[in-house]
1. (1) under 30 Å from Ile241 (Cα atoms); (2) out of contact with any helix residue (DSSP H, G or I) (no Cβ under 7 Å at 6 or more places or on another chain): which one isn't true of Gly431, the others all being true?
2. Look through Ala523, Ala498, Ala532 and report the one residue that is farther than 30 Å from Arg553 by Cβ, more than 36 Å from the chain's Cα centre (by Cα) and part of a strand (DSSP E or B).
3. Restricting to the stretch 322-358, what's the tally of residues that are among the charged types (D, E, K, R), farther than 15 Å from Val390 by Cα and without any contact (Cβ under 8 Å) to a residue 60 or more places away in the chain?
4. Restricting the stretch 338-362 to residues that are loosely packed, with under 14 Cβ neighbours inside 10 Å and among the β-branched types (Val, Ile, Thr), which is nearest to Thr373 (Cα to Cα)?
5. Look at the stretch 478-492 and say how many of its residues are farther than 16 Å from Ile520 by Cβ and buried (at least 17 other Cβ atoms within 10 Å of the Cβ).
6. Ala792 versus (1) in a helix (DSSP H, G or I); (2) in contact (Cβ under 8 Å) with a residue 60 or more places away in the chain; (3) within 20 Å of Leu171 (Cα to Cα): which is the lone unmet condition?
7. Taking the condition assigned to a helix (DSSP H, G or I), among the β-branched types (Val, Ile, Thr) and modelled with pLDDT of 80 or more, does Ile645 pass?
Amino acid sequence: MAEEDPICVGDGSGLWLPLFGRDENQWDNTLRVFLYLFGLAYCFMGVAVVADVFMSAIEKVTSKKRRVMHRKTGKMVTMMVWNPTVANLTLMALGSSAPEILLNVIFIFADGYFQEGLGPSTIVGSAAFNLFCISAVCVVAIPPGQSRTIKELPVYCVTAFFSVFAYLWLLFILMGTSPNIVEVWEGVLTFLFFPLLVTLAFIADRGYFTGRPAEVEEKEPVITVNSEMTKQELAALETKIRKEHDEELTDAEVLRLIELEHQAPTSRAQYRVRAIRKMTGGRRVETCNTVDPLYNVVPTNGTSDDRKKSKQGAKQFALVEFVATNYTVLESVRTFILPVRRRGNLDIACSVIYKTKEGTAKASTDYKHVEGTLDFGPGETQKFIEVPIVDDVNYETEEDFFVELHLVDNSTTMLGDSFATVVIIDDDKPGVLSFDKTDIEVPEATDDVSVSVKVNRIGGGSGRITCKFYCEDDSAIADFDYVKTSGELVFEPGQMSASFEVMVKAKGRYESSERFRVVINEATGGAKFDHATDGGTDRCISYITITPSKEGRERVDRMMSKLHVNWGKAALGQANWVDQFKAAIYVNGGDADADSQPGTLDYTLHLMNLPWKLLCACIPPPDFCDGWVCFCASLAFIGVVTAIIGDLAGLLGCCLFGPGSDGITAITFVACGTSLPDTFASKTAAQQDPYADASIGNITGSNSVNVFLGLGLPWMIAAIYWAAAGPNEKWIRLYWDKEWARDFRGGALVVEDPGLANSVATFSACAIVCMATLLLRRKKCDGELGGPRHLAILTAVFFVCLWIVFVVTYVALAK
């Protein structure tokens, strides 16, 4: 069998190109280089356009949410189905590296399970460009005086280790136990490293490597703003904001804080799609935390800060009040002593006037009228009013009179409970206990509210009695909806009522009402419970129901309508085909709300990419089947364009560097072209994100996935195929006489590329140096990115030099 011609010579061909076959291979070499270079660049733009759709589908898939029961609170909460770390290492990594991965997968299968040189070299070249060049761009992209650091360090350490280990493992395969041969166990193990990486990264994300798994499991779900949030969730978020900052915030101030503090982090997909659309004149993508004039807040007088000062001023007053507002006294007591307490500012002197007032009990016949002044000195907290009680021999029903407090000087003193009722009885029974209200409704406020629960003593007031009180869950959960309280109530002789406080927590309720029980039991001193009330003779029960407030519902409705303004701008994909074609036809997607009108460059890029946009508009929208249909269709589209790129790269390399130079083209033109959108996306992420995870944190994971998935999957399948099928005529012609193939004449996957092995060795060494440099910057410059300007520039230059060393070494050794 005759040896095949190279792709650019004679009858040589790739999958689909050259388009004109043998005739095209006779054209002028300079013309062909120009046409192939232009075609390659145009296909890179096509991959970028379809990657826009692909990443929109991935964003739709990974943003899916579900309602689950929170183990700690017992409440239903909204949680992400996809763990962010798992999403980044699987679908997101596939989205950003799809061309490189598919290039190897397609060509190894299309070439009859023979490994050509373009796919593996593209993966290694892309890894080098990502780690060295994109990191260099991100380091200098940070404004002077700022720095960015990796937040999820355990996850980054896992992916960083595997990003170096993957290429050392690749070097072992190419030069280790069986040089140039990928055995079945090596292919299988390479692929299995992919789920191992995902599993270890997930474990690191959950905190198990840092000894904090319990904290991770028990922490409350983080509330984030998204287009699927319910009004109940927005109400909870509003309450959280008001409790953390000020309950008197205006709606505009609350919305601004929601946008700044609780916006979901911008995903890798959003950064990449934004970069692609900027390159192609597509519809702009905004994040919801973009400053919008709708939410601008103008400082005014008399709002939150002034009200705070007003509240603080109230603490400068002395507060005088009765200890209780209801008392019972027996006629035989002769003198009734009524306590008055002083709270608030204890550093000043204050005075109040007191006097009795008739009710059914009459002065002189039932009690002696008294009036006078109580003078509190600095530090004094309690005074007493003595009222003589008339003890007669006549039978009388219960009668009452009143005692009032009045201010002397309202500039320094305030009154609390200033009206007390005193009931005179002939009965010497200890009395019956019951709640003043068996159902208490508490409208939710913007802050925690203390609810006073009053217990009455009726039918007698003799002696000192006590009872226990506590709270029980119903639909409301202790320490989530209210503060669980228990204790003992004490009724002194003649005291007819007592109260205890229960704290109701503001959680932001829009529709649901929650309730819990308060119970009194274990009465002492001969007291009993009213048998006609809930609980019978053993105890007494009252229900506290927490209801959404009407004002709170109206606030949430207003804020929800305003938040919907920006959600449409932040959406990546379209809901239907009509919107997709509209976005494809019009520059900037026909967005009439764009902040700036499209310029000449926008129109130029749009017209250049219009054919690609119209083709991609035929892909089903991301809203179909939760994005999976769009995911599969766009992945197939990328595969088609990638196959064309492979042929063009082979033709360009053959014309420029001669036959067999696929690797040189792969690590330069193809690697740079497929990584260009990631460069712009990472630069934007570095500038806008408070951390470096979205910019350089994903590079290590993507580089690992490229080897384990892009090489591991096809190598595993091809190695199994050759082991099962045995050598064919082409395999025998190419490898039978090779010294290193002597032990594998039964058939094996061959990867014979000295330049690849050398490039992997060079990249591994440079990658270790690059990682060490980033670690040093973390310690010395307070972050992997940014820092002192001169050091940032030196680091960027150093990283670019590492990439140049990698390329030059490969080209020199390949030649």
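1. (1)
2. The conditions single out Ala498.
3. 5
4. Ile353
5. The total comes to 3.
6. (3)
7. Yes, satisfied.
Residue by residue, here is whether (1) crowded, with 21+ Cβ neighbours inside 10 Å; (2) acidic (Asp, Glu); (3) touching a Leu at 6+ places or on another chain (Cβ under 9 Å); (4) within 22 Å of Ala128 (Cβ to Cβ) holds:
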position: Leu614; (1), (2), (3), (4): no, no, no, no
position: Ala643; (1), (2), (3), (4): no, no, yes, no
position: Leu648; (1), (2), (3), (4): yes, no, yes, yes
position: Cys654; (1), (2), (3), (4): yes, no, no, no
position: Gly660; (1), (2), (3), (4): no, no, no, yes
position: Ser675; (1), (2), (3), (4): yes, no, no, yes
position: Asp678; (1), (2), (3), (4): yes, yes, no, yes
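The values are calculated or read from the model by the stated rules, or taken from the named source; none is laboratory data. Being a predicted model, the structure only gives us computed values, none of them experimental. Methodologically, a virtual Cβ is constructed for each residue, glycine included, from the backbone with ideal geometry; neighbour enumeration extends over all protein chains shown. In case anyone asks, the SASA skips ligands and DNA or RNA and just uses the protein heavy atoms, side chains included. Shrake-Rupley method; radii C 1.70, N 1.55, O 1.52, S 1.80 Å.
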